[in-house]
Amino acid sequence: MTEAIHILIFIDWFSPGYKAGGPIRSIVHLCEQLPYRFSVVTSCFDHQSDQAYEGIQQGAWLQRGENLEVMYLNPKGVTNAFLKQVIKERNADKIYLNSMFSMPFSVNPMKVAKKLGLSHRIILAPRGMLKAGALSIKSKKKKTFLFTSKILGWHKGISWHATNEDEAEEIRKVFGKDCKILIAPNLPSSPKAKLALAPKKEGELNLVSIARVSREKNLLGGLKYLTLLQQEVNWWIYGVKQDQAYLEEMVNLAKDFPKVKLHFEGDIAPEKMPQALKKGHFFYSPTLGENYGHAIVEALVYGLPVIISDNTPWRNLEESKAGWDLNLNKLYFVPVLQFCSSLDETSYQEWRSGAHLLGSTIASDETAINANKVLFSS
């Protein structure tokens, strides 16, 4: 049953788009699992696409679920006058901004809402964009924006959504200790059965990643670890080829190490993720930073152990035999990768069971739902 609370969301990309990955899944799960009314304003394009979604009317409110309406727009046409009209007409209890730096779907809606005297209704989710690793990409432009926003007080009086205490500290570091921050974890998908996989053979190592080919995901760093192994490795990478120069760096490095076989599969729709995960023995993510990591959680839910950096919320994985969260250093990654290669089917199944148990626990956590309800009712 839908409750009276009405939430107006501005987000760069939304379903049926999927190429932006985690941020879309975060909001889809929010709209599916919370008993509120949602109005979503978003782009009519998927991430890095110039083709509008087929069969979707632009500039009108479309009913996409019992408690969800969506308006798809060309971002170039999102004027302040339009934003003012939408914000006043919807008169939502909360205005949720799902980005730190987007002008049409975060910065400008925030400015317009503040001019309307609605600072107290605004919730801004930086979505990991204040992590040191994320800020290091296009750092000059981002630092200029953050400096200007603080001088002009753009974020004064609003609330912040952090998905964990680490992200809350990142917000305080940039915007001060007096920020009003509400902590609520992202909502995962529902529990799933373990994927059926081919038996694991000793000396065999198949890895799968679901990540944009971009510097933030540190795939090149992950490749460098693999080149130090004696064993043959197959690595399937699913995700938008966002940075072509970065992709070419990976391809050129792999040419010198024929035992490392790279398979760039391009972007993947969420419903096809199980088939992609089935190719790997382990999910591999040497990321520079994730504020959640939906693909990591999805892998665990399906019973695929993970080898990830320690720049995500998922820590102490080895204790649960669900995988490893490692410092980005060859001294940590290479021994783990060698160990994973050495596992036979019996030993490997212990790690699969640990991953599935942890994933099922995360997916069934009612405290996450309750924390998100508090986020929008405070």
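The values are calculated or read from the model by the stated rules, or taken from the named source; none is laboratory data. Since the model is a prediction, treat every value here as computed from it, not as a measurement. In this analysis, Cβ positions are derived from the backbone assuming ideal geometry, glycine residues included, and neighbour counts consider all displayed protein chains.
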Taking the conditions exactly as written (within 21 Å of Asn329 (Cα to Cα) and either of a type outside the set (D, E, K, R) or in contact with a strand residue (DSSP E or B) (Cβ under 6 Å, 6 or more places away or on another chain) (or both)), does Ala193 satisfy them or not? no
Testing His29 on (1) surrounded by fewer than 22 Cβ atoms within 10 Å (Cβ to Cβ); (2) assigned to a loop (DSSP other than H, G, I, E, B), one condition comes back false. Which one is that? (2)
Checking Thr42, Thr79 in turn, the sole residue that is in the same structural domain as Glu167 (by TED's automatic domain parsing), of a type in the set (Ser, Thr, Tyr) and touching a residue at least 40 places away in the same chain (Cβ under 8 Å) turns out to be Thr42
Could you list, ordered by first residue, the pairs with Cβ atoms under 8 Å in which the first is in the range 1-17 and within 13 Å of Phe38 (Cα to Cα) and outside any loop (DSSP other than H, G, I, E, B) and the second is among the acidic types (Asp, Glu) and at pLDDT 95 or above, at least 6 apart or interchain? His6/Asp93; Ile7/Asp93
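Please enumerate the residues belonging to the range 1-53 that are among the β-branched types (Val, Ile, Thr) and either modelled with pLDDT under 90 or touching a Cys at 6+ places or on another chain (Cβ under 6 Å) (or both).
Once the filter is applied, which keeps residues that are among the β-branched types (Val, Ile, Thr) and either modelled with pLDDT under 90 or touching a Cys at 6+ places or on another chain (Cβ under 6 Å) (or both), the range 1-53 yields only Thr2.
Per-residue answers, yes or no, for (1) of a type in the set (Phe, Trp, Tyr); (2) closer than 28 Å to Trp351 by Cα; (3) assigned to a helix (DSSP H, G or I):
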site	(1), (2), (3)
Glu169	no, no, yes
Ala193	no, yes, no
Lys201	no, yes, no
Gly222	no, yes, yes
Asn234	no, yes, no
Ile237	no, yes, no
In the set Ala299, Ala322, the lone residue that is within 16 Å of the chain's Cα centre (by Cα), within 26 Å of Ala198 (Cα to Cα) and surrounded by 21 or more Cβ atoms within 10 Å (Cβ to Cβ) is Ala299
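Results for (1) farther than 24 Å from Leu130 by Cβ; (2) in a helix (DSSP H, G or I), shown as yes or no for each residue.
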position	(1), (2)
Ala299	yes, yes
Leu304	yes, no
Ile308	no, no
Asn311	no, no
Trp314	no, no
Val334	yes, yes
Gln338	yes, yes
Taking the range 171-185, which residues are touching a residue at least 24 places away in the same chain (Cβ under 8 Å) and either assigned to a strand (DSSP E or B) or loosely packed, with under 13 Cβ neighbours inside 10 Å (or both)? Lys173, Leu182, Ile183
Output the residue which, of all residues in the range 49-107 that are in a strand (DSSP E or B) and of a type in the set (Val, Ile, Thr), is surrounded by the most Cβ atoms within 10 Å (Cβ to Cβ). Ile95
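Restrict the check to the range 222-229 and report whether at least one residue is crowded, with 20+ Cβ neighbours inside 10 Å, touching a residue at least 40 places away in the same chain (Cβ under 8 Å) and farther than 30 Å from Ile171 by Cα.
yes
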Note on the range 85-100: residues touching a Leu at 6+ places or on another chain (Cβ under 9 Å) and modelled with pLDDT of 95 or more are Val86, Ile87, Lys88, Arg90, Asn91, Ala92, Asp93, Lys94, Ile95, Tyr96, Leu97
Limited to the range 130-141, what total is found for residues that are under 15 Å from Lys173 (Cα atoms) and assigned to a helix (DSSP H, G or I)? 4
